[in-house]
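The values are calculated or read from the model by the stated rules, or taken from the named source; none is laboratory data. Note that this is a predicted model, so its numbers are computed, not measured. Cβ atoms come from the backbone with ideal geometry, glycine included; neighbour counts cover every protein chain shown. Note: areas computed on protein heavy atoms with side chains; ligands, DNA, RNA excluded. Shrake-Rupley method; radii C 1.70, N 1.55, O 1.52, S 1.80 Å.
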Amino acid sequence: MAVEMTDFEEKVWKYLLSHPKTPVQAKTIAKEWIVSDNKVARVLHRFVENGIADIVRIGSKKFYKVKE
(Lines give C-alpha, C1' and ligand atoms only; values in the text may rest on other atoms or scores of the structure.)
Protein backbone atom coordinates (compact mmCIF):
# COMPACT_ATOMS: atom_id res chain seq x y z
CA MET A 1 0.00 0.00 0.00
CA ALA A 2 1.50 3.31 -1.08
CA VAL A 3 1.21 6.19 1.33
CA GLU A 4 1.19 9.73 -0.06
CA MET A 5 3.36 12.08 1.99
CA THR A 6 3.98 15.79 2.15
CA ASP A 7 7.55 17.10 2.07
CA PHE A 8 7.63 17.38 5.87
CA GLU A 9 6.26 13.85 6.30
CA GLU A 10 8.99 12.56 3.97
CA LYS A 11 11.63 14.29 6.11
CA VAL A 12 10.26 12.63 9.25
CA TRP A 13 10.09 9.25 7.47
CA LYS A 14 13.71 9.54 6.29
CA TYR A 15 14.76 10.40 9.85
CA LEU A 16 13.03 7.25 11.15
CA LEU A 17 14.67 5.17 8.43
CA SER A 18 18.09 6.54 9.32
CA HIS A 19 17.55 5.36 12.93
CA PRO A 20 15.90 1.95 12.39
CA LYS A 21 16.76 0.28 15.69
CA THR A 22 16.37 3.25 18.04
CA PRO A 23 12.85 4.38 18.94
CA VAL A 24 12.63 8.17 18.91
CA GLN A 25 10.34 10.70 20.60
CA ALA A 26 8.51 13.39 18.65
CA LYS A 27 10.27 16.10 20.65
CA THR A 28 13.69 14.76 19.61
CA ILE A 29 12.85 15.21 15.92
CA ALA A 30 11.18 18.56 16.60
CA LYS A 31 14.23 19.86 18.43
CA GLU A 32 16.53 18.88 15.55
CA TRP A 33 14.51 20.84 12.97
CA ILE A 34 13.20 23.58 15.29
CA VAL A 35 9.50 22.85 14.74
CA SER A 36 6.72 22.21 17.24
CA ASP A 37 6.48 18.86 19.02
CA ASN A 38 2.81 18.71 18.09
CA LYS A 39 3.50 18.99 14.34
CA VAL A 40 5.89 16.03 14.47
CA ALA A 41 3.57 14.05 16.76
CA ARG A 42 0.69 14.41 14.26
CA VAL A 43 2.90 13.05 11.47
CA LEU A 44 4.10 10.13 13.59
CA HIS A 45 0.54 9.32 14.63
CA ARG A 46 -0.47 9.27 10.95
CA PHE A 47 2.36 6.81 10.26
CA VAL A 48 1.03 4.54 13.02
CA GLU A 49 -2.52 4.74 11.59
CA ASN A 50 -1.20 3.81 8.13
CA GLY A 51 0.67 0.84 9.59
CA ILE A 52 4.20 1.93 8.66
CA ALA A 53 5.40 2.79 12.19
CA ASP A 54 5.01 1.39 15.70
CA ILE A 55 4.57 3.06 19.07
CA VAL A 56 6.86 1.85 21.83
CA ARG A 57 5.80 2.97 25.30
CA ILE A 58 8.49 3.35 27.90
CA GLY A 59 6.83 4.46 31.10
CA SER A 60 4.37 7.16 30.16
CA LYS A 61 6.39 8.36 27.14
CA LYS A 62 5.73 7.40 23.52
CA PHE A 63 8.57 6.49 21.22
CA TYR A 64 8.19 5.73 17.53
CA LYS A 65 10.09 3.41 15.19
CA VAL A 66 9.74 1.95 11.72
CA LYS A 67 7.58 -1.17 11.65
CA GLU A 68 9.67 -4.32 11.25
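I need a count of the residues in segment 1-10 that are outside any helix (DSSP H, G or I) and either in contact with a Leu (Cβ under 7 Å, 6 or more places away or on another chain) or free of Cβ contacts under 8 Å to residues at least 12 places away in the same chain (or both).
As a first pass, look at segment 1-10 and keep what is outside any helix (DSSP H, G or I): 1-6.
Imposing the further condition that a residue be either in contact with a Leu (Cβ under 7 Å, 6 or more places away or on another chain) or free of Cβ contacts under 8 Å to residues at least 12 places away in the same chain (or both) reduces the set to 2, 4-6.
Here the count works out to 4.
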Which residues, taken from segment 1-36, are open to solvent by 80 Å² or more (accessible area, probe 1.4 Å) and touching a helix residue (DSSP H, G or I) at 6+ places or on another chain (Cβ under 8 Å)? Lys11, Lys27, Glu32
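Can you tell me how many residues in segment 11-53 are in a helix (DSSP H, G or I), within 17 Å of Lys65 (Cβ to Cβ) and among the charged types (D, E, K, R)? I'd like the intermediate steps shown before the answer.
Restricting attention to segment 11-53, the residues satisfying the condition of being in a helix (DSSP H, G or I) are 11-18, 26-33, 37-49.
Remaining after also requiring within 17 Å of Lys65 (Cβ to Cβ): 11-18, 26-30, 32, 40-41, 43-49.
So of that shortlist, the ones also among the charged types (D, E, K, R) come out as 11, 14, 27, 32, 46, 49.
Residues that pass the stated criteria total 6.
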Considering (1) in contact with a strand residue (DSSP E or B) (Cβ under 8 Å, 6 or more places away or on another chain); (2) open to solvent by 40 Å² or more (accessible area, probe 1.4 Å), say which one Tyr64 fails and leave the rest. (2)
Within segment 44-61, which residues are among the acidic types (Asp, Glu) and either open to solvent by less than 90 Å² (accessible area, probe 1.4 Å) or within 8 Å of the chain's Cα centre (by Cα) (or both)? Asp54
